Amino acid sequence: MTIDQSLIAKITAEIMARVQEQKQGAAGDGGIFTTIDEAVAAARAAQKQLKKLSIEKREELIKAMRQTSCDNAEKFAEMAVKESGMGRVADKVLKNKLVATKTPGTEDLKSEAWSGDCGLTLIEMGPYGVIGSITPTTNPSETVICNGIGMVAAGNAVVFSPHPTAKNTSLLTIKLLNEAIVKAGGPANLLTAVAEPSLEATNAMMQHPDINMLVATGGPAVVKAVMSAGKKAIGAGAGNPPAVVDETADIEKAAKDIIAGCSFDNNLPCIAEKEVIAVGSIADKLMAYMQRYGAYLISGQDIDRLAKVILTEKEELVAAGCTEKPKKIYGVNKNYVGKDAKYILSQIGINVPDSIRAVICETNADHPFVIEELMMPVLPIVQVKDIDEAIELAVKVEHGNRHTAIMHSKNVDNLTRLAKAIETTIFVKNAPSYAGIGVGGEGFTTFTIAGPTGEGLTSARSFTRQRRCVLVDALSIV
Ligand code: NAD
């Protein structure tokens, strides 16, 4: 066989390209770079290499990501609680293992075909390229694992922008996942980030021309930011999930489930029960059972004292000369987000054993505990006259987030009426809220629930572009 000049030139060019890709890969430490430009360039180079691998190989990389996430579930959980000061280690271990095992991989990608007189047309789900993923402090390793698996399964590389308060946990997760990918024969830097995450770095990432798609998991500000960036964006925003209980429910089970859901990881999950709306005739019984299952009931002045601790308060600005009294604007005191119920109660002089997992109290419908997304195990309970009032209030306090709602009832009509009225992405019936993300409920898991942009519970297919390929007059075999 003779080798001509053009073949030599082709081989040389291929070798040079590979060396260049590897050089870019070697610059970052496990995917962690100094600048956004470097992180994006390395992810871009890694995605080019990923494109050359078979789907079978991609699945091997995902298997390695799952294994490393399970192996390090405890380490990530301990680190996250220590670093962010939020949540419960045991619950975070469960969350890490959940995303490692129940986040869909490449099997989630489905092709479609039409065949007929004119031939064969095929729709395939292709990668976007490099995705910018902005992740929250409340589920730091969980979101990196979940987005990492789903986005790589879809053939993408990812530049993560983690919340600065969970920086070390997020960066370690990225690093260990990258190591697992490389060990399994994949490219370096499929997942990247900068060593010092900040709002400026996130903004630079969002505006970077080589970022093809943005995915934000967080509060309203970041969802608005990605949706205004002029790129394809998935926004997974805030929730304020109501749990409605009517008179037909199994009241003991409802109480047990609500306390389990609302106290899971100290109420950090966006899907967790944030307020209870109970039909009056069963409300006292429900609260009595809740106390049996780990809740501590406070009332009267203790509620006001707790409000002074866990809420921030300021007066609304009014125009000069306005005679109306300024309204109070409440917010959440971040120092208490994700803290143990025992610690929160100790701040108002109440000492309880470790077995207490949630604080409950009866409030009015317009109490700030009901209106604000507290993200701590403090659960207000509002009594209403009947199911009509319950549905109306649940819709109101969910604030149109269309995120999650929970209902305990045996009346199919009531269940259907709330589901139709509230239009949430997740609606859980007769179970703790976490059944909605695959814990004790059927279906896959995700920690990026895209209500505002409508993808719902995101998975690999959410991170793909549909592409059509048309062959005329052939390949149809009938
Ligand atoms: P957060 O909004 O403070 O931060 C989330 C991420 O967005 C962080 O990386 C942060 O640095 C970044 N960010 C915040 N404001 C930004 C802006 N203006 N521009 C660019 N980036 C910005 O939220 P958090 O405290 O980390 O997480 C809790 C919130 O996230 C809650 O509201 C919760 O309901 C929501 N959440 C939603 C989901 C979901 O799947 N829908 C999942 C988890 C958390």
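The values are calculated or read from the model by the stated rules, or taken from the named source; none is laboratory data. Predicted, not measured: the structure shown is a model, and the values here were computed from it. Heads up, the Cβs are rebuilt from the backbone with ideal geometry, glycines too, and the neighbour counts pull from every protein chain shown. Note: accessible area is taken over every heavy atom of the protein model, side chains too, but ligands, DNA and RNA are not part of it. Shrake-Rupley method; radii C 1.70, N 1.55, O 1.52, S 1.80 Å.
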Carbon and sulfur %, accessible surface of the chain computed with the full protein complex present, 1.4 Å
53 percent
Would you grab the residues whose amide H sits under 5 Å from the one on residue 233? Only those 5+ places off in sequence or on another chain, please, with H modelled 1.01 Å from N.
214
If R0 = 41 Å, then residue 347 and residue 168, at their Cβ-Cβ distance, give a FRET efficiency to the nearest 0.05 of 0.90
Size-normalised alpha-carbon gyration radius of region 55-137, reference 2.2 N^0.38 Å
1.59
By per-residue mean of other Cβ atoms within 10 Å, what is the highest-first order of 325-333, 41-49, 245-253, 264-272?
264-272, 41-49, 245-253, 325-333
How do 151, 227 stack up against each other in accessible area, from largest to smallest, with a 1.4 angstrom probe?
227, 151
Quickly rank 308-314, 69-75 as a protection proxy: mean count of other C-beta atoms within 10 Å, highest first.
69-75, 308-314
Compute and list, largest first, the equivalent-ellipsoid semi-axes of the chain from the alpha carbon gyration tensor, each √(5λ) rounded to a whole angstrom.
45, 26, 21
Rotationally averaged projected area of region 325-449 (alpha carbon convex hull; nm²):
10.4 nm²
Which lysines, if any, have their Cα less than 22 Å from the Cα of residue 57, not counting same-chain residues under 8 positions apart?
48, 102, 110, 175, 183
Using 7 Å Cα-to-Cβ label points, what is the residue 442/residue 316 separation (nm, one decimal)?
4.7 nm
Taking Cα centroids, how far is region 398-444 from region 286-347 in Å?
26 Å
Keeping all protein chains in place and using 1.4 angstrom, which order do 408, 163 fall into by accessible surface area, from largest down?
163, 408
Taking the DSSP beta bridges in the chain as the whole, what percent of them are antiparallel, to the nearest 5?
35 percent
Between residue 386 and residue 285, what length comes free when the chain is fully extended (0.36 nm per residue of separation minus the Cα-Cα distance, one decimal in nm)?
34.8 nm
Inter-probe distance in nm under a simple model that places probes 7 Å from Cα toward Cβ, at residue 29 and residue 299:
5.7 nm
For a test of the definition: using alpha carbon positions, the gyration tensor, and the 1.5 limit on a/c, classify region 242-442 as rounded, prolate or oblate.
oblate
Report the rotationally averaged projected area of region 103-248 based on its alpha-carbon convex hull, in square nanometres.
14.0 nm²
Computed E for residue 107/residue 413 - FRET, C-beta separation, R0 30 angstrom, nearest 0.05
0.20
How far is helix 89-102 tilted, in degrees, relative to the longest principal axis of the Cα atoms in the chain, given as a value from 0 to 90 rounded to the nearest 10?
40 degrees
Potential lengthening between residue 364 and residue 59 on full extension [0.36 nm per residue; Cα-Cα distance subtracted]:
104.6 nm
Order these peptides, 393-401, 372-380, by their mean beta-carbon neighbour count within 10 angstrom, highest first.
372-380, 393-401
Set of lysines with alpha-carbon distance to residue 396 below 22 Å, sequence-local pairs under 8 removed
224, 274, 327, 328, 385, 420, 429
Looking at region 242-442, what % of its DSSP beta bridges pair antiparallel, to the nearest 5?
20 percent
